[in-house]
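Worksheet for the structure shown next.
The values are calculated or read from the model by the stated rules, or taken from the named source; none is laboratory data. Note that the structure is predicted; figures quoted are calculated from it, not measured. Cβ atoms come from the backbone with ideal geometry, glycine included; neighbour counts cover every protein chain shown.
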Amino acid sequence: MIGRERMTVASQRLIAERTYELTLSGRLVQEMRQPGQFVHVKAAASADPLLRRPLSLCHIDHKQGQCTIIYRQEGKGTALLTQKQPGDTVDVLGPLGNGFPLEAAPAGGRALLVGGGIGVPPLYELAKQLAKRGVKVVSVLGFQTKAAVFYEEEFAAFGKTYVATDDGSHGACGRVTDVIEARSLEFDVLYACGPKPMLRALAERFPNRPVYLSLEERMGCGVGACFACVCHVPGSETAYKKVCSDGPVFRAGEVVL
Amino acid sequence: MNRLAVELPGLSLKNPIMPASGCFGFGREYAQFYDLSVLGAIMIKATTKEPRFGNPTPRVAETPGGMLNAIGLQNPGLDKMLEEELPWLEQFDVPIIANIAGSTVEEYVEVAEAISKAPNVHALELNISCPNVKKGGIAFGTVPDVAAELTRLVKEVSAVPVYVKLSPNVTDIVAMAKAIEQAGADGLTMINTLVGMRIDVKTGRPILANGTGGLSGPAVKPIAIRMIYEVSQAVSIPIIGMGGIQTAEDVLEFFYAGASAVAVGTANFVDPFVCPTIIADLPALLDELGIDRISECIGRSWKTGAHAVHCRA
């Protein structure tokens, strides 16, 4: 069930350049199941900024009743969010959207997780849940530069993890696709989240393979009512999918990237 | 006595609160949050004859206290509306106000005639004020003679009362309202969004793929209030007011300006529960202000001899 709750900040810390890890407590956590789902967060108590911010769930902990989101400070809304201290409350709507299909990865099979920048966080919960199901997880995480890198060790706890940076300041120099090629990484299913050019490159490189992509788009309502975040469906002028409520995860080929 | 009840042409409403067109889809999304039967009415998203995809993304951008949108009247088209969306809404005890749009006069007339016959459609909202489409929309809503002629033609074929949604993007909204009233409109809804633009400082280009978009949210409320204040004194048909409503206090402000019912738009995106919250909050606010019925408040800001509002507290 989707709910709205003033969740309580358990902790917040800076984990990379302009990148924050925010842990929230509340009953809403019990509704959170699928990796790749997101929450819609209202950062300001006032009408400025007016809209909520869609932020991916990075970690769901039912026992502790806590969830973690990782976000990058970009504008006014996220800047306000960085001010939140333990004990403060945050207005959260969620969980929203359809996440990564776990069942697409056969037990004992190999899942390749590919993340780019602030698209990395939802893959963490995915890695955790896949590993628990006996899926062999390999992660390739791309960042612009060393200062932006986060969660390398956390991902390594679930399987072999490669990091690439655009400038070569950490890990391999280049893009995630370069790493996949150089290491000849094999997979039964590929899951990815990151900038659209990266998703497009993966979809083109692995046609007709089980590739699942999490999309990002500017959203209004987050629940499918405002039609702000639609994308085209291949082969049709008028058919569409909404990133917020039909996605944000789609199988490659399901929507036009 | 239901102190929130209001009467408008074609609409006997249990309360004056309805979600605004384009901000509530066709109700399905919000039905997962609450029983839609609590609403006074629902203004469903604009219907055109054929399915429309609308504009490229990004379609929304934020502004202080508001947002710009350029959706472009995306909708599944008249047939799907009649076969799927409207029948689905019949499960709720709530009148539907069908917003209709088109690129040509013929399209408006055809959609109006067909959709006005749906059993749960109690009124039409003629959308001549969408700023986000190249053909139709606002092109019909900025020249009084053109708007009046379209109103007259739609009135001829509609089986239910016709409300015309006014654009604030005009120099003389009173002249527009009078022309539409004379053409036979049963009511007015106002205001649609104001045309605006934001530019990305990193790229130097407009944020919206459409370039311009319609501004909505609390930022536009004073303009809506002023326009309703002016128009309600110049016409005798009722007004459904909209523009930045977020609270029960905002609702009363619209009534005082001259509205007979109100629609809540952008606030649904911020808080999916905003409509039922406002409906629940209104009785206590009326108590606090010593008001028996909300209908007493219509036009109180300008009515001569109207009693000033005294606060009991």
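When segment B:292-304 is filtered for residues that are touching a residue at least 24 places away in the same chain (Cβ under 8 Å) and more than 21 Å from the chain's Cα centre (by Cα), the ones remaining, listed by number, are B:Asp292, B:Arg293, B:Arg300, B:Ser301, B:Trp302.
Every residue in segment B:46-64 that is of a type in the set (Lys, Arg) and within 9 Å of chain A (Cβ to nearest Cβ), please. Reasoning before the result, please.
Quick first cut of segment B:46-64, residues of a type in the set (Lys, Arg) only: B:49, B:52, B:59.
Residues satisfying the conditions are B:Arg52, B:Arg59.
Taking the numbered list (1) closer than 25 Å to A:Arg4 by Cα; (2) touching a Lys or Arg at 6+ places or on another chain (Cβ under 7 Å); (3) within 14 Å of chain A (Cβ to nearest Cβ) in turn, B:Gly77 passes all entries but (1). Residue pairs whose Cβ atoms lie under 7 Å apart, sitting 6 or more positions apart in sequence or on different chains, and linking a residue in segment B:77-101 that is among the acidic types (Asp, Glu) to a partner that is in a helix (DSSP H, G or I), are B:Asp93/B:Ser37. The criterion of being within 29 Å of A:Gly174 (Cβ to Cβ), in contact with a strand residue (DSSP E or B) (Cβ under 9 Å, 6 or more places away or on another chain), buried (at least 24 other Cβ atoms within 10 Å of the Cβ) and in the same structural domain as A:Val179 (by the TED database) holds for A:Gly115. Residue-level check: of (1) surrounded by 24 or more Cβ atoms within 10 Å (Cβ to Cβ); (2) among the hydrophobic types (A, V, I, L, M, F, W, C); (3) more than 21 Å from A:Arg200 (Cβ to Cβ), A:Val138 misses just (1).
Could you please let me know if B:Ile115 is in contact (Cβ under 8 Å) with a residue 24 or more places away in the chain and within 28 Å of A:Leu50 (Cβ to Cβ)? The answer is no for B:Ile115.
Please specify each residue of segment B:117-170 satisfying the condition of being surrounded by fewer than 24 Cβ atoms within 10 Å (Cβ to Cβ), β-branched (Val, Ile, Thr) and modelled with pLDDT under 95. Those that are surrounded by fewer than 24 Cβ atoms within 10 Å (Cβ to Cβ), β-branched (Val, Ile, Thr) and modelled with pLDDT under 95: B:Val133, B:Ile138, B:Thr142, B:Val143, B:Val146, B:Val170.
Contact annotation: residue pairs with Cβ atoms under 7 Å, 6 or more positions apart or on different chains, pairing a residue in segment B:266-277 that is touching a residue at least 12 places away in the same chain (Cβ under 8 Å) and closer than 17 Å to B:Thr193 by Cα with a partner that is of a type in the set (Phe, Trp, Tyr) and outside any helix (DSSP H, G or I), are B:Asn268/B:Phe24. Quick check: is even one residue across segment A:111-122 assigned to a loop (DSSP other than H, G, I, E, B) and over 12 Å from the mean Cα position of the chain (by Cα)? No; the residues of segment A:111-122 include none that is assigned to a loop (DSSP other than H, G, I, E, B) and over 12 Å from the mean Cα position of the chain (by Cα). Regarding segment B:171-178, can at least one residue be identified that is β-branched (Val, Ile, Thr) and within 21 Å of B:Ala41 (Cβ to Cβ)? Checked segment B:171-178: no residue is β-branched (Val, Ile, Thr) and within 21 Å of B:Ala41 (Cβ to Cβ).
Here B:Pro95 meets each of (1) more than 21 Å from B:Gly196 (Cβ to Cβ); (2) within 14 Å of chain A (Cβ to nearest Cβ); (3) buried (at least 17 other Cβ atoms within 10 Å of the Cβ); (4) of a type outside the set (A, V, I, L, M) with one exception, condition (2).
Would you check if there is a residue in segment B:89-96 being of a type outside the set (Asp, Glu) and touching a His at 6+ places or on another chain (Cβ under 7 Å)? Yes, some residue in segment B:89-96 is of a type outside the set (Asp, Glu) and touching a His at 6+ places or on another chain (Cβ under 7 Å). The set of residues in segment A:59-80 being within 14 Å of another protein chain (Cβ to nearest Cβ), crowded, with 18+ Cβ neighbours inside 10 Å and not hydroxyl-bearing (Ser, Thr, Tyr) consists of A:Gly77, A:Leu80.
Exactly one residue out of B:Glu113, B:Glu83 is under 19 Å from B:Arg28 (Cα atoms) and surrounded by fewer than 20 Cβ atoms within 10 Å (Cβ to Cβ): that is B:Glu83.
Looking across segment B:1-45, the residues that are surrounded by 19 or more Cβ atoms within 10 Å (Cβ to Cβ), away from chain A (no Cβ under 14 Å), not β-branched (Val, Ile, Thr) and not in a loop (DSSP other than H, G, I, E, B) come down to B:Leu8, B:Leu11, B:Leu13, B:Met18. Looking at A:Ser56, A:Ser25, A:Ser11, just one residue is away from chain B (no Cβ under 13 Å), in contact with a Gly (Cβ under 6 Å, 6 or more places away or on another chain) and either among the small types (Gly, Ala, Ser) or more than 23 Å from A:Ser245 (Cα to Cα) (or both), and that residue is A:Ser25. Residue-level check: of (1) part of a loop (DSSP other than H, G, I, E, B); (2) in contact with an Asp or Glu (Cβ under 8 Å, 6 or more places away or on another chain); (3) within 23 Å of B:Gly244 (Cα to Cα), A:Ala44 misses just (2). Among the residues of segment B:33-59, the ones that are under 19 Å from the mean Cα position of the chain (by Cα) and in contact (Cβ under 8 Å) with a residue 60 or more places away in the chain come to 8 in all. Counted as qualifying within segment A:151-257 are the strands (runs of 3 or more DSSP E) with 1 or more residues that are crowded, with 16+ Cβ neighbours inside 10 Å, touching a His at 6+ places or on another chain (Cβ under 7 Å) and not assigned by the TED database to the domain that holds A:Ala16, namely A:161-165, A:240-242.
The listed residues are A:Ala239, A:Ala228, A:Ala157, A:Ala192, and the only one of them that is more than 12 Å from chain B (Cβ to nearest Cβ) and more than 16 Å from the chain's Cα centre (by Cα) turns out to be A:Ala157. Would you say B:Val235 is over 30 Å from A:Gly224 (Cβ atoms) and of a type in the set (Val, Ile, Thr)? Answer is yes for this residue. Residues that are β-branched (Val, Ile, Thr), surrounded by 24 or more Cβ atoms within 10 Å (Cβ to Cβ) and either closer than 18 Å to B:Ser216 by Cα or modelled with pLDDT under 95 (or both) within segment B:230-260 comprise B:Ile240, B:Ile245, B:Val251, listed in sequence order.
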